[in-house]
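Below is one structure; the comments refer to it alone.
Readers should treat all values here as calculations from the given coordinates under stated rules, not as data from a laboratory. All values derive from a computational prediction rather than experimental measurement. Glycine gets a Cβ as well: all are built from the backbone with ideal geometry, and neighbour counts include every protein chain shown.
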Amino acid sequence: MIVIQIMAVMVGLYLARLYNYLLFHTLVELFAVLVAGGIFVIAWNARRFMANNYLLFVGIASLFVGMVDLLHALAYKGMAIFPGDDANLATQLWIGARYLQASALLVAPFFLKRTLQPRLTVGIYLGVVVLLLSAIFAGAFPVCFVEGSGLTPFKKGSEYLIVLFLGGALVGLRRAAAAFDRAVVTLLAAGIGLFIAAELAFTLYTDVYGIANLAGHFLKFAGFFLVYKAIIETALTRPYDLLFRELKAKQEEIETLNADLAARADELEEANCELEATLADLESANLELEATNRELESANLELEAFNYTVSHDLRTPLTGISGYCQLLTLPGLAVSNEEGKGFIFQISAAAERMNQMINSLLDFSRLTRGALHRSSVDLSQLAIDVAAELRLSTPARRGVFTIGPGLTADGDPKLLRVVLENLFGNAWKYSGKRDEAVIAFGRRPGAGEAVWFVRDNGAGFDM
C-alpha cells in the first residue's frame, strides 16, 4: 500500500518535472520541509509525556534541517532569489542540511534513556545553523559545485561521510528497536536506507537538472514519505504506538498482572472452598470423635462397674471356700487323713491365687483406663522397691536380687511398676521350692534395640 502511494505521488512529481524542473524540485523540497516541521511540532508538544528522548532530539534537529532545506530550495539554480544564481550556493546548503540530518539520526539513539534539555538543545542547534549559514553566505564554506566541471572532491567526500553517518544511524536504530513499535522501526529504517541511496546518487551528477540529480530527489522524497508515515501519521492515528509506547507497555503489563491476579483470586477462592469443605469435614469428624469418646467413657464406666460386680460375685464363693477350709483345720473339725489335709491346703492355695488374679485384673483395668504420663523412670530403684516388698511379704524366705545399676526408661511409672511387680512376683513364686531364690534384672543389647530381662532359678521356661 505504501509503495503504491509513493509511486502515485512520484508520477505526479514526474509530470511536474516534465513541465518545469524547478517546480518538481520545489515540490520535493517543500514536502521534506513540511515533514521536518511536522516532526518538530509533534515531538515538541509531546515532550512532557515522552520517556524516550530519541524522537524529541530528532524533532528539534528536523526543525533546523527543514530551515536549511527551505533555503536550499530557494537558492536552487534558476530561482534567481539570491545573488549569483549558480548551483554552488544550493549545493552548499544541501550539504549543510544533510550533515545536520545525518548527525542527528546518528546521535539520537544515545538519548533513548538519557536526559535531554529541550531548550538548551534548540539553542545549540540555532547557534550551529547560524554559524553554518554565516560561513556559507560569507564565502568561508568550501566550494561544492563548479560550473562546467561539476561536484568538488569536498562535496563528494561529504556525501560519503554522510552515508557513513546514516549507516551508523541505521545500526543504532536497530539496536534500539525494542524502544519502538515494530512498524515504526521498519519505516524509519527503510527511510534511512533511501536517504543513503539518495546521497550516493548525489555523488554522480554533473548537471543539477540531470538524471542523477532527479533520481536523488525522488529517493529523498520517498525517504521523507516513509519518515512521515513512521512519525507523523503514527503520532496522529496511533499515538500510543509512538509517543506513549512505554506507557502502553506498562498498561499492558498492568493488564497482564491484573489478569494473573484475577486468576490467582479464582484459585484462592477455589482453595478457600476446598479448605472450608475440609474444615467442615474436620468439624464433623471431631463431633463424631467426641461422640465416640463419650461412648467409650460410658463403656469404660460400664466395664468398671461390670469388673467390680464380677469381682464381687467371684470373691463371695472364694471367701466361702477359704472360710470352710480354715474351719476344717480347727481342732474339733480337723481332718485326720493326711491326704485330706493336703487337698484342703491345695483348695485354700487355689482360692488365694484366684483372689490375687482378681485383684490383678482390677488393678490392670484401672491402669488401662487411665491416661498415660510419660517420664524418665529409674527402673533400678523401682526394681529395688518391688524386691523389698516381696521380701516383706514372706520374711522367712531367702532370696538374692541382682539389679543392674543406673537403668532408666521413658514410660509411665505406674504401668512399669505393674510390669515389674508381675515379673518379679512370678519369679519369686515359682522359685519357692529353691533353698534360695536368685532373681536378676537388667538390660542387654539386642538387634538394634535394648532388651530388658528378668531371670530366676525357679521352675518354668525361657522367654
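Under the simplified labelling scheme, the K156-A212 pair shows an inter-label distance of 0.8 nm, with each label point 7 Å from Cα along Cα→Cβ. Put simply, when 428-440, 69-81, 268-280 are sorted by average Cβ atoms within 10 angstrom per residue, most first, you get 69-81, 428-440, 268-280.
Approximating the spin labels as points 7 Å out from Cα along Cα→Cβ, the A8-to-L275 distance works out to 6.4 nm. Each residue, D435 and V171, gets one label point 7 Å from its Cα in the Cβ direction; the gap between the two is 11.6 nm.
With Cα atoms as the point set, the stretch 373-463 shows a radius of gyration and Dmax of 13.4, 42 Å. Extension gain for T115 to R444 (0.36 nm times residue separation, less C-alpha to C-alpha distance): 110.0 nm.
Which entries of K155/K220; K155/K229; K113/K155; K77/K155 have Cα-Cα distances beyond 28 Å here? Result: K155/K229; K113/K155 exceed 28 Å.
Between R391 and W452, the contour length at 0.36 nm per residue exceeds the alpha carbon distance by 19.7 nm. In whole Å, how far is the Cα centre of the stretch 391-455 from that of the stretch 119-160? One Cα centre to the other: 119 Å. Look at R98, R444 and count the other Cβ atoms within 10 Å of each Cβ; fewest to most, that gives R444, R98. Our estimate of slack between E288 and D266, defined as 0.36 nm per intervening residue step minus the Cα-Cα distance, is 4.7 nm.
For the stretch 1-119, the dipole from Cβ point charges (+1 on Lys and Arg, -1 on Asp and Glu) about the Cα centre works out to 580 debye, to the nearest 20. Once C-alpha pairs closer than 8 Å and six or more residues apart are averaged by separation and normalised to the residue number of the stretch 66-182, the relative contact order reads 30 percent.
Computed about its Cα centre, the charge dipole of the stretch 2-243 is approximately 840 debye, with only Lys, Arg, Asp and Glu carrying charge at their Cβ.
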